[in-house]
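First comes the structure, then the notes that go with it.
Please treat every number below as a calculation from the coordinates, not as lab data. Here the structure is a predicted model, which means the values were calculated and not measured. Counting neighbours? That spans all protein chains shown, and the Cβs are built from the backbone with ideal geometry, glycine included.
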Amino acid sequence: MLDTCAPGHVFTEKLHHYWVTFSGKTYTTLPKGSHSDRGQRSGQAEIEIGHVRKIVRFLEIDKACARRVIPML
């Protein structure tokens, strides 16, 4: 969704979170999930929809574009 709707975004990996920077704002609480059981089994975190909604609001990403990519928004 970020590749399509927020071109130019930047991910910064921290110890337990990713920071997502776009349009001069930084969302600092996107969990990596590497410490959860699911993250260890699959090798990647499963991001909850609530975080995605917060990212869209906080970074002021076009909601129509985000809904085209993730219909459950």
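Amide H contacts under 5 Å for L73: none, restricted to partners 5 or more places along the chain or on a different chain, H placed in the peptide plane at 1.01 Å from N. 3J(HN,Hα) couplings calculated from phi for segment 48-55 with the Karplus curve 6.51 cos²θ - 1.76 cosθ + 1.60 (θ = phi - 60°) are, in sequence order, 6, 4, x, 5, 5, 4, 5, 4 Hz; Gly and Pro show x.
In order along segment 3-8, the phi-based Karplus estimate (6.51 cos²θ - 1.76 cosθ + 1.60, θ = phi - 60°) of 3J(HN,Hα) comes to 4, 7, 9, 9, x, x Hz; Gly and Pro are listed as x.
Once you have the Cα-Cα distance between S23 and L73, take 0.36 nm times their residue separation minus that, and quote the gain in nm to one decimal.
Numbers: separation 50, 0.36 × 50 = 18.00 nm, distance 2.11 nm.
Fully extending the segment from S23 to L73 adds 15.9 nm.
Judged by the mean number of other Cβ atoms found within 10 Å, the most tightly packed of the peptides 64-73, 8-17 leads the ranking 64-73, 8-17.
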